[in-house]
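Colleague: Mind looking over this structure? Questions follow.
The values are calculated or read from the model by the stated rules, or taken from the named source; none is laboratory data. Predicted, not measured: the structure shown is a model, and the values here were computed from it. Because the Cβ atoms are built from the backbone with ideal geometry, glycine has one as well, and the counts that use them run over all protein chains shown. Please note that ligands, DNA and RNA were not included when accessible areas were found on the heavy atoms of the full protein model with its side chains. Shrake-Rupley method; radii C 1.70, N 1.55, O 1.52, S 1.80 Å.
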Amino acid sequence: MSLFLVNRYLGDDEDGVISKVSHSQALLTKLQQKVKQKQRQSLAKQREWTGEVETEQQEVPSETKDETRSSEKHQQQQQKKKRKSTAGVLLDADSTSSEPSGKKKRKGAADKKQRSQESGQSVAAVSPESCRCETEQEQEVEEPATGFRVLGGFESRPVHKAKRVLPQWLAEPDVIHRDIKCNLVPVSSVSGVSAQLLRKLEANGIQHFFPVQAEVIPAILEGAQHGLLIGRGGYRPRDLCVSAPTGSGKTLAFVIPVIQVLMERTVCEIRALAVLPTKELAQQVFKVFASYAEGTPVKVVMLGGQRSFAAECASLSEQRGSVRCSTADIVVVTPGRLVDHINKNPDFCLEHLRFLIIDEADRMIDSMHQLWLSQVLKAVYCSAAGPEDRTLFRRTEPACITAASLSPGQMPLQKLLFSATLTQNPEKLQQLGLHQPQLFSSVHGPPSSTTPAENTHKHECFDFPQGLTEFYVPCTMNKKPLLILHFILYLKLRPILCFTNSRETAHRLYCLVKLFGGVQAAEFSSRLSPGERKKTLKDFEKGKIQLLISTDAAARGIDVKDVKCVVNYDAPQFIRTYIHRIGRTARAGKPGLAFTFLFRVQENNFLRMVMEAGSPGIQKQLVKPECLKGMEERYEGVLQELADVIKVTASFYCSSCFKLL
Ligand SMILES: Nc1ncnc2c1ncn2[C@@H]1O[C@H](COP(=O)(O)OP(=O)(O)OP(=O)(O)O)[C@@H](O)[C@H]1O
């Protein structure tokens, strides 16, 4: 019994009366006639060009002409007949096919070629010239009405959008409560934290852990339950990724458990490496580590380029007799300086590294082109001399877990990632080579997901701080400086952290505000030396500066207490930038205000970007022109002064330019 019915093409005459042999003969004759006819046509054309056309035409026997004409007629009649008889089938074929006519023609040509091959006609017998003619003719000829459905699915079909399917660990994170104030956990109720650290916490005014700390501290401590050398049950602990809002206390979430684990070590070696994208951030994290390590055996060293390379080397190790010993348990470092020490400092040993902390992880992934991570891993596993190396503390790069790979047990390297805007792009995260990662996140997948691992959201969502209220202020170019002055002088919103998109704008705005007077202002950008930046931040924190005009240099991670208001003087282009900028206020569960100045043309795109990222809502804040009237005269005067004050390039700093601030 045949499973499939295969319709074969039997020529245009499908009467069923003609036997197979006679049918193919008839077909062959017909095709031969066609070829001859085309040869003649092309010859005639050639002669036409050379002026011989008339003579040649006379040479063509009338019999052949008649034959050709009658064969053409016959063909046309057959096609008409066919079309009528198979109208039903054709109707069906046409209705299902949405191909453009060009495609149809090509398909017809392909059918024809196939037919000629089937009939045994030698293609080589046809001259290239006639081939060309045939192709041209074929393109014009309509598809023969065969009623055959061409298999192969060449019809254009609507392409369905691919759904984003996240790996299980990303789609189903361990949930961190969003609301800090309602989910405080007493520090004493988190097991594993020593009495010494608890006292330190309380001395620093911390009686309760924030939700992210209450979740992550026990998870890190659990991974080191059996000491530094081996994970739970002999397995490597899972790498942890933490995605929690700005100001939610992520720093303490890794500082406390890492110090707790290292307090129990006997030999001082570099066991924890905290990598941060900027010097300022590294300095900030170093301070927190140092304050909690004080009074414990744990030693913390900062490598940020503030000191000379030699001084940094000296802080990492010391000579005791004939041996050089490490004087650092925890190293806080920027990627550039880290690579310098790996390559140029022979005493910088990472063979005992237990924790690799990557803060601002999404930004650090972007800096992966610097290859700092691969250099760290190389330095960590450099002691393994190969498979024959059977030393007790041999470290081998992790691969598949087998009985052999677990014996002998070896000190695991655990990666801890932290960010307020952690990417959910598995491709990016893959660059980090995470081991059975576990995600702690306050951002949950939408309930519409059909399967647990399926997340149909087009855009990445982030969590915004609870106490934050967002506003946008419609404005025009030349009213922007007046608006910021209005905010600080009349609305008394102080201190303000104001962000611009370039250091030039930051500098010009700073000069203008300074000339206007009445406000303690400062700028913060790469125009300043690291020392000047450090001092500026300190002054801002102490309240000596009411308006800090900054580039995105201060957008990430910087923790300045009691910043009441953030102003995006220039609207940020990317949602991540926006989230980090506005996250400089409303920290640690406190309230805060964020204003974004928007031109008319920016409004739609910006508001869409913010809402798609999961903002709870952004309100419109109008400032009436009358409110700015009182400052306008002085402002015009200041613009004139400004051109004289800044003597750089006249074109750059001309007063008209300041109108475009
Ligand atoms: N348990 C706590 N109780 C009171 N204050 C806390 C607690 N934990 C952290 N803080 C304070 O909250 C502020 C923000 O903490 P931290 O800088 O760690 O936030 P973050 O989540 O790292 O923010 P970002 O994503 O912006 O870097 C800090 O000033 C810190 O001292």
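Colleague: If we keep just the residues of region 349-368 that are over 24 Å from K428 (Cα atoms) and open to solvent by 20 Å² or more (accessible area, probe 1.4 Å), which is nearest to the ligand (Cβ to nearest atom)?
Modeller: Once the filter is applied, the top-ranked residue is H352.
Colleague: Filter region 556-581 for residues that are near the ligand (Cβ under 10 Å from one of its atoms) and aliphatic (A, V, I, L, M); which is farthest from the chain's Cα centre (by Cα)?
Modeller: For region 556-581, the residue satisfying everything is V560.
Colleague: Ok, one more. Identify all residues within region 534-553 that are under 25 Å from the mean Cα position of the chain (by Cα) and in a loop (DSSP other than H, G, I, E, B); write none if there are none.
Modeller: T551
Colleague: Pairs only if they're at least six apart or on different chains, beta carbon under 7 angstrom, first in region 246-261 and within 14 Å of V190 (Cβ to Cβ) and open to solvent by 10 Å² or more (accessible area, probe 1.4 Å), second within 10 Å of the ligand (Cβ to nearest atom) and assigned to a loop (DSSP other than H, G, I, E, B); list them, first residue then second.
Modeller: Cβ pairs passing all conditions: G249/F210; G249/A588.
Colleague: Also, quick follow-up: If you scan region 295-321, which residues turn out to be open to solvent by 70 Å² or more (accessible area, probe 1.4 Å), part of a loop (DSSP other than H, G, I, E, B) and either in contact with a strand residue (DSSP E or B) (Cβ under 9 Å, 6 or more places away or on another chain) or hydrophobic (A, V, I, L, M, F, W, C) (or both)?
Modeller: The answer is K299, and nothing else.
Colleague: Quick test of your reading of the structure: L515 fulfils all but one of (1) in contact with a Leu (Cβ under 9 Å, 6 or more places away or on another chain); (2) open to solvent by 20 Å² or more (accessible area, probe 1.4 Å); (3) at pLDDT below 90. Name the failing condition by number.
Modeller: With (1) in contact with a Leu (Cβ under 9 Å, 6 or more places away or on another chain); (2) open to solvent by 20 Å² or more (accessible area, probe 1.4 Å); (3) at pLDDT below 90 applied to L515, the lone miss is (3).
Colleague: Which residues, counting only those in region 327-347, are in a loop (DSSP other than H, G, I, E, B) and open to solvent by less than 40 Å² (accessible area, probe 1.4 Å)?
Modeller: The answer is T327, A328, D329, T334, N345.
Per-residue answers, yes or no, for (1) more than 9 Å from the ligand (Cβ to nearest atom); (2) on the phi > 0 side of the Ramachandran plot:
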| site | (1), (2) |
| --- | --- |
| H177 | yes, no |
| L184 | no, no |
| S188 | yes, no |
| E202 | yes, no |
| G205 | no, yes |
| V212 | no, no |
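Colleague: While we're on this one: I'm checking my understanding of the structure. Among residues of region 583-603 that are more than 10 Å from the ligand (Cβ to nearest atom) and closer than 21 Å to A553 by Cα, which one is most open to solvent (accessible area, probe 1.4 Å)?
Modeller: Here the residue is L593.
Colleague: When region 554-589 is examined, which residues are found to be in contact with a strand residue (DSSP E or B) (Cβ under 6 Å, 6 or more places away or on another chain) and in a helix (DSSP H, G or I)?
Modeller: Across region 554-589, the qualifying residues are A554, R581, I582.
Colleague: What residue, among those in region 605-633 that are polar (S, T, N, Q) and within 22 Å of T500 (Cβ to Cβ), is most open to solvent (accessible area, probe 1.4 Å)?
Modeller: Within region 605-633, the match that is most open to solvent (accessible area, probe 1.4 Å) is N605.
Colleague: Please indicate, with yes or no, whether at least one residue in region 480-502 is assigned to a loop (DSSP other than H, G, I, E, B), open to solvent by less than 30 Å² (accessible area, probe 1.4 Å), under 20 Å from A594 (Cβ atoms) and free of Cβ contacts under 8 Å to residues at least 40 places away in the same chain.
Modeller: Within region 480-502, not a single residue is assigned to a loop (DSSP other than H, G, I, E, B), open to solvent by less than 30 Å² (accessible area, probe 1.4 Å), under 20 Å from A594 (Cβ atoms) and free of Cβ contacts under 8 Å to residues at least 40 places away in the same chain.
Colleague: What's the number of the only condition in (1) at pLDDT below 95; (2) in contact with a helix residue (DSSP H, G or I) (Cβ under 7 Å, 6 or more places away or on another chain) that I358 fails to meet?
Modeller: The failed condition is (1).
Colleague: Testing S291 on (1) at pLDDT 95 or above; (2) within 19 Å of L416 (Cα to Cα), one condition comes back false. Which one is that?
Modeller: (2)
Colleague: So which of G518, G543, G531 is within 30 Å of E641 (Cβ to Cβ) and touching a helix residue (DSSP H, G or I) at 6+ places or on another chain (Cβ under 7 Å)?
Modeller: G518
Colleague: Please specify each residue of region 268-293 satisfying the condition of being free of Cβ contacts under 8 Å to residues at least 60 places away in the same chain and either farther than 20 Å from S529 by Cα or open to solvent by 10 Å² or more (accessible area, probe 1.4 Å) (or both).
Modeller: F286, K287, V288, F289, A290, A293
Colleague: For residues in region 158-209 being more than 21 Å from A588 (Cα to Cα) and aliphatic (A, V, I, L, M), which is most open to solvent (accessible area, probe 1.4 Å)?
Modeller: In this case the residue turns out to be V159.
Colleague: State whether one or more residues within region 388-407 are of a type in the set (S, T, Y) and either under 30 Å from R556 (Cα atoms) or at pLDDT 85 or above (or both).
Modeller: no
Colleague: Report every pair of residues separated by at least 6 positions or lying on different chains whose Cβ atoms are under 7 Å apart, first residue within region 190-203 and closer than 18 Å to A224 by Cα and in the same structural domain as V298 (by the TED database), second among the hydrophobic types (A, V, I, L, M, F, W, C) and assigned to a loop (DSSP other than H, G, I, E, B).
Modeller: Listed pairs, sorted by first residue: S194/M263.
Colleague: Of all the residues that make up region 190-200, how many are among the small types (G, A, S) and either in contact with a Pro (Cβ under 9 Å, 6 or more places away or on another chain) or within 9 Å of the ligand (Cβ to nearest atom) (or both)?
Modeller: Looking only at that region, the number is 2.
Colleague: Yes or no: region 541-555 includes at least one residue that is open to solvent by 10 Å² or more (accessible area, probe 1.4 Å), under 26 Å from T476 (Cβ atoms), within 16 Å of the ligand (Cβ to nearest atom) and assigned by the TED database to the domain that holds G617.
Modeller: Scanning region 541-555, I find at least one residue that is open to solvent by 10 Å² or more (accessible area, probe 1.4 Å), under 26 Å from T476 (Cβ atoms), within 16 Å of the ligand (Cβ to nearest atom) and assigned by the TED database to the domain that holds G617, so the answer is yes.
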